[in-house]
Amino acid sequence: MAAHKKEIAQIAVQTAKPTFANTIAALEKSGRLLDRVSRVLFNLAGTDTNEELQRIEREVVPPLAAHQTNIMLNAKLFRRVEDLYRRRSRLRLTDEQARVLELHHRWFVRAGAKLNRKAKARVAAINERLALLATQFAQNVLKDEQSWRLVLDGERDLAGLPPALRVSAARAAADMGLDGKHAITLSRSSVEPFLQFSARRDLREEAFNAWIKRGEMSDARDNRGIVAEVVRLRAELASLLGYESYAHYTLDDTMAKTPAAVQDLLAAVWPAAVRRAAEEREALARRARSEGGNFKIAAWDWRYFAEKERKALYDLDDAVTRPYFKLDNIIVAAFDTATRLFGIGFKERLDVPRYHPNVRIWEVTDKRGTHVGLFLGDYFARPSKRSGAWMSSFRSQSKVTGNVRPIIVNVMNFAQSAEGEPTLLSLDDARTLFHEFGHALHGLLSNVTYPSISGTSVARDFVELPSQLFEHWLMEPEVLKRFAVHHETGKPMPQKLLARIKKARNFNQGFATVEYAASALVDMELHATAANQDLDVNAFEHTTLKRLGMPSEIVMRHRIPHFLHIMGGYAAGYYSYLWSEVMDADAFAVFEETGDVFDRATARKLKKHIYAAGNARDPLEAYVAFRGRPPDVKGLLKKRGFSS
Ligand SMILES: [Zn+2]
């Protein structure tokens with residue numbers, strides 16, 4: 001921070017007339033050391049944390065936020081940026097430079113550079129407090145996940161559980177020192193399959209209720225107070241900056257632009273999803289009755305009976321598909337897809353240092369064998385890892401200080417198999433792997449000059465396009481036939497099974513959409529309206545969902561007390577996945593229209609305008625450059641099976 005501060009001071013106080021080089025490029029070159037150190041810290045804090053790292057995190061996060069705020073509120077520095085911005089049409093900048101200048105100016109203004117001294121001081125205080133609260137929030141969720149476990153003792157407790165889940169549950173128990181027993185944890189890869197398969201309704205209820213109570217399990221780490229404070233502070237920040245609400249403020253810097261545009265998209269999907277979910281619930285209730293289940297379907301029953309229904313309708317169950325999705329094969333499938341689309345190759349490197357023995361590292365090269373970057377895969381769940389799946393980077397691509405190549409990581413939480421056994425994935429897991437690898441490609445293929453617009457540094461509702469689009473290739477017969485091979489026999493997935501998977505694609509889509517869209521709607525509501533009340537998080541969540549007509553058997557995918565997205569960068573932004581999905585459905589259709597999902601000309605355009613372009617252009621412009629027109633929502637409704 002001291003080194004960065006010095007660099008910033010030199011840029012700000014110089015007497016030379018502002019130029020792009022001595023101000024904007026200089027800013028882009030500054031802070032390399034801090035960037036390098038922070039990325040290591042935060043990557044480790046997410047993937048392999050401990051008490052000491054958590055303490056350091058809590059200690060450095062507020063000063064880091066203050067450091068950042070000080071730069072953005074530096075009046076001398078902003079005067080230089082403002083001066084350049086006013087003269088931008090006369091500066092003879094490249095398109096990329098013009099974009100970077102415009103963005104810097106926007107970031108300064110949005111951070112409060114135009115405010116008076118008193119307001120600036122308040123903004124600084126708010127940012128610092130928000131950073132600390134977000135850290136505490138995430139640490140509380142992790143602690144809840146680490147401290148809860150359901151120990152299964154004997155065959156009666158294991159009723160219904162398939163072999164793969166028994167193996168990973170035995171492993172989890174062994175890790176806890178409970179040899180010979182089985183343990184279910186609150187990691188999604190553990191609790192979700194348990195809810196799918198456990199025939200013990202009482203245990204399902206117990207596990208489900210713990211899962212949805214993360215963030216409010218104990219007084220010592222109750223996230224509800226944190227959320228109330230965060231929402232209040234964000235509203236105050238937005239108001240200082242002249243916005244109606246925090247949602248208005250945040251969305252101003254996205255493709256969607258306004259809460260109204262987001263509401264429109266969600267409104268186009270919500271009623272159809274709720275209707276579909278009601279039909280699904282009836283089918284599940286019939287299924288339960290046929291097995292003598294004389295009860296109303298509850299939230300902890302949905303996944304269980306959905307699994308049975310899926311099996312009955314499509315003869316498809318997880319135990320049948322899982323042997324075909326060996327982790328190692330799906331990794332290679334993702335690589336191969338990238339090779340065919342973008343001409344890059346992957347070679348595993350055993351000689352490169354890694355932060356945990358389970359991390360695998362590949363060198364990525366282009367057609368000529370030139371180094372493109374490093375790709376790290378950290379696939380298995382462990383107690384020291386935050387739940388979920390994500391892409392991050394230890395270094396992002398740029399050219400302003402020489403040819404800096406990216407170091408990208410994908411982090412997953414797959415349940416590790418027993419020693420010597422291959423790890424087998426569910427179809428959803430395989431999809432997640434492709435999703436995160438799509439983000440990884442966005443980082444690896446980045447080809448821009450300035451680090452601030454590199455790779456995934458794009459509008460939040462654009463950033464899920466490269467990842468969600470990449471998921472489409474997993475389900476292509478050309479890919480499945482080669483890589484979805486049985487882990488024991490080596491035989492490809494039978495044609496009939498492929499067809500059944502395809503047919504089952506929209507199964508339970510009402511549930512999935514409601515679960516997701518409810519979270520997106522509550523997030524938007526929380527940041528658009530909930531500011532000035534003394535927020536009772538549970539009451540707010542309850543009232544909002546009631547007004548929306550939330551089916552009582554479905555719980556939001558992320559309830560507010562553990563909704564990590566909205567504490568991190570996705571506040572008033574959880575809708576982004578759906579926004580990006582409008583584009584990914586619409587974009588994949590371009591490949592389909594050519595009759596070849598690996599069509600070279602289309603792939604070239606996709607690389608140029610989307611995967612390699614970072615934030616070098618306005619996202620809508622970039623999309624239109626690829627597609628030839630703006631995105632159309634019809635593709636999304638069709639993809640989810642809500643229209644014909
Ligand atoms: Zn994503």
Here the residues within region 453-490 that are over 30 Å from I24 (Cα atoms), within 12 Å of the ligand (Cβ to nearest atom) and open to solvent by 10 Å² or more (accessible area, probe 1.4 Å) are Q468, E471
Residues of region 401-419 that turn out to be of a type in the set (S, T, N, Q) and either away from the ligand (no atom under 16 Å from the Cβ) or in a loop (DSSP other than H, G, I, E, B) (or both), as a count
4
Report, by residue number, each residue of region 192-240 that is open to solvent by 50 Å² or more (accessible area, probe 1.4 Å) and within 22 Å of the chain's Cα centre (by Cα).
K213
Show the residue pairs that are 6+ apart or on different chains and have beta-carbon atoms under 8 Å apart, the first residue being within region 326-350 and at positive phi, the second being surrounded by fewer than 19 Cβ atoms within 10 Å (Cβ to Cβ).
G343/D366; G343/K367
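Quick one: which helices (runs of 4 or more DSSP H) lie wholly within region 502-602 and hold at least 1 residues that are surrounded by 20 or more Cβ atoms within 10 Å (Cβ to Cβ) and within 16 Å of the ligand (Cβ to nearest atom)? Steps first, please.
Details: elements: 509-528, 537-548, 564-567, 576-594.
Fully inside region 502-602 and qualifying: 509-528, 564-567, 576-594.
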Hey, does region 246-254 have a residue that's open to solvent by 60 Å² or more (accessible area, probe 1.4 Å) and farther than 14 Å from L521 by Cβ?
yes
Here is a list: R80, R87. Which entry is touching a helix residue (DSSP H, G or I) at 6+ places or on another chain (Cβ under 6 Å), of a type in the set (D, E, K, R) and open to solvent by less than 50 Å² (accessible area, probe 1.4 Å)?
R80
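Which of the residues spanning region 1-58 are small (G, A, S) and in contact (Cβ under 8 Å) with a residue 12 or more places away in the chain?
A3, A12, A25, A26, S30, G31, S38, A45, G46
Out of curiosity, is D618 farther than 25 Å from G443 by Cα and surrounded by fewer than 16 Cβ atoms within 10 Å (Cβ to Cβ)? Outline the logic, then answer.
Numbers: farther than 25 Å from G443 by Cα: no; surrounded by fewer than 16 Cβ atoms within 10 Å (Cβ to Cβ): yes.
For D618, the condition - farther than 25 Å from G443 by Cα and surrounded by fewer than 16 Cβ atoms within 10 Å (Cβ to Cβ) - is not met.
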Enumeration of residues in region 18-28 that are open to solvent by 30 Å² or more (accessible area, probe 1.4 Å) and touching an Asp or Glu at 6+ places or on another chain (Cβ under 8 Å)
none
Out of region 155-213, which residues are polar (S, T, N, Q) and closer than 20 Å to S384 by Cβ?
S168, T185, S187, S189, S190
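Condition first: hydrophobic (A, V, I, L, M, F, W, C) and touching a Leu at 6+ places or on another chain (Cβ under 8 Å). Now tell me which residues in region 148-160 satisfy that.
Filtering region 148-160 for residues hydrophobic (A, V, I, L, M, F, W, C) gives 148, 150-152, 158-159.
Result: W148, L150, V151, L152, L158.
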Return the residues of region 268-310 that are in a helix (DSSP H, G or I), farther than 30 Å from V582 by Cα and open to solvent by 60 Å² or more (accessible area, probe 1.4 Å); say none if nothing qualifies.
R286, R287, R289, S290, K308
Subset of region 71-116 (residues that are outside any helix (DSSP H, G or I) and touching a residue at least 40 places away in the same chain (Cβ under 8 Å)):
L73, N74, L91, L93, G112, A113, L115
A careful count of residues in region 32-65 that are open to solvent by less than 20 Å² (accessible area, probe 1.4 Å), part of a helix (DSSP H, G or I) and out of contact with any helix residue (DSSP H, G or I) (no Cβ under 7 Å at 6 or more places or on another chain) gives 3
Does region 420-433 contain any residue that is within 27 Å of H104 (Cβ to Cβ) and either in a helix (DSSP H, G or I) or not hydroxyl-bearing (S, T, Y) (or both)?
no
Answer from A603, A585 - the residue that is under 17 Å from S467 (Cβ atoms), out of contact with any strand residue (DSSP E or B) (no Cβ under 7 Å at 6 or more places or on another chain) and touching a residue at least 60 places away in the same chain (Cβ under 8 Å)
A603
Positions within region 420-443 being within 12 Å of the ligand (Cβ to nearest atom) and either at positive phi or among the acidic types (D, E) (or both), in sequence order:
E436
Yes or no: Q68 within 30 Å of N410 (Cα to Cα), in contact (Cβ under 8 Å) with a residue 12 or more places away in the chain and either among the aromatic types (F, W, Y) or open to solvent by 80 Å² or more (accessible area, probe 1.4 Å) (or both)?
yes
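Would you point out the residue of region 435-452, among those that are more than 15 Å from the chain's Cα centre (by Cα) and of a type outside the set (A, V, I, L, M), that is most open to solvent (accessible area, probe 1.4 Å)? Steps first, please.
Step one: list which residues in region 435-452 are more than 15 Å from the chain's Cα centre (by Cα), which gives 444-452.
Still in the list and also of a type outside the set (A, V, I, L, M): 446-447, 449-452.
Working: S446: 3, N447: 92, T449: 43, Y450: 17, P451: 26, S452: 33 Å².
Only one residue tops the list, namely N447.
The rows are residues; the columns are (1) closer than 25 Å to E192 by Cβ; (2) without any contact (Cβ under 8 Å) to a residue 60 or more places away in the chain.
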site: Y379; (1), (2): yes, yes
site: P383; (1), (2): yes, no
site: S387; (1), (2): yes, no
site: M391; (1), (2): yes, no
site: S396; (1), (2): no, no
site: T401; (1), (2): no, no
site: R405; (1), (2): no, yes
site: I408; (1), (2): no, yes
site: F414; (1), (2): yes, no
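For region 555-566, state whether one or more residues are of a type outside the set (D, E, K, R) and more than 17 Å from the chain's Cα centre (by Cα).
Let us first name the residues in region 555-566 that are of a type outside the set (D, E, K, R), namely 555-556, 558, 560-566.
Filter again for more than 17 Å from the chain's Cα centre (by Cα), leaving 555, 561.
Yes, some residue in region 555-566 is of a type outside the set (D, E, K, R) and more than 17 Å from the chain's Cα centre (by Cα).
The values are calculated or read from the model by the stated rules, or taken from the named source; none is laboratory data. Because the structure is a prediction, the values reported are computed rather than measured. Note that we place each Cβ from the backbone using ideal geometry, even for glycine, and neighbour counts take in every protein chain shown. Calculation scope for accessible area: heavy atoms of the full protein, side chains included, ligands and nucleic acids excluded. Shrake-Rupley method; radii C 1.70, N 1.55, O 1.52, S 1.80 Å.
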